[in-house]
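Following: one structure in structure tokens, then a few remarks.
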Amino acid sequence: MSVEFEFLRPEDRPALIGLSTPELQDTARSALTQLGYKVHTAVNHGEFLHKFAQVPYQVVILEELFAATKPEENESLMVLQRLPMSQRRHAVVVLFGCGLATFNPIQACQYSVHAVVNPAEMFLLMQLVQKAVADNDMFYHAFREAQASAA
């Protein structure tokens, strides 16, 4: 059994992909790499949750039906939704699903994620990730400043 190690430097920007569809996975990997992220992929819930617990990912892209046939079976999404904010505040979570309207804030709130994307608009992924990250940074700006001054 060979174990593959990958070391992250402090300046690295890690991203985690949990997509079952190979075409979506390739497009997401390409977009995130172009944006300067160091991309990791997971093929099942165990691997996804293990990786998420080990690394403070800045961006997480997850499919609504990742390793599942119904959204209710998506263990990775359920765990992310139930995590305390102190454990998930560092990551911008983008959810893909055929029944989702791209960047619909109500659906994003319903799924406890930062943004939702319909796979039909995958070609906009780079811009959508940039916007979601910028919105998250703007939202947490005051919190991070207060946290830094208290330290």
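The values are calculated or read from the model by the stated rules, or taken from the named source; none is laboratory data. Just so you know, these numbers come straight off a predicted model, no measurement behind them. Heads up, the Cβs are rebuilt from the backbone with ideal geometry, glycines too, and the neighbour counts pull from every protein chain shown.
Details
- Test result for Ser86, among the hydroxyl-bearing types (Ser, Thr, Tyr) and in contact with a Leu (Cβ under 7 Å, 6 or more places away or on another chain): no
- Selected residue (only one of Val60, Val43 is within 14 Å of Ile17 (Cβ to Cβ) and surrounded by fewer than 23 Cβ atoms within 10 Å (Cβ to Cβ)): Val43
- Qualifying residue in the range 122-139 (condition: touching a helix residue (DSSP H, G or I) at 6+ places or on another chain (Cβ under 8 Å), outside any helix (DSSP H, G or I) and at pLDDT below 95): no
- Residues of the range 14-28 that are more than 12 Å from the chain's Cα centre (by Cα) and surrounded by 15 or more Cβ atoms within 10 Å (Cβ to Cβ): Ser20, Thr21, Leu24, Gln25, Thr27.
- When the range 93-119 is filtered for residues that are surrounded by 21 or more Cβ atoms within 10 Å (Cβ to Cβ) and over 15 Å from the mean Cα position of the chain (by Cα), only Leu100 remains.
- Residue match in the range 59-66 (condition: touching a His at 6+ places or on another chain (Cβ under 8 Å), under 19 Å from Pro14 (Cα atoms) and aromatic (Phe, Trp, Tyr)): no
- Scanning the range 12-25 for residues that are part of a strand (DSSP E or B) and closer than 20 Å to Glu121 by Cβ yields a count of 3.
- Selection status of Arg144, more than 16 Å from Phe48 (Cβ to Cβ) and touching a residue at least 40 places away in the same chain (Cβ under 8 Å): no
- Enumerated strands (runs of 3 or more DSSP E) restricted to the range 26-119, each holding at least 2 residues that are touching a Gly at 6+ places or on another chain (Cβ under 9 Å), free of Cβ contacts under 8 Å to residues at least 60 places away in the same chain and among the charged types (D, E, K, R): none
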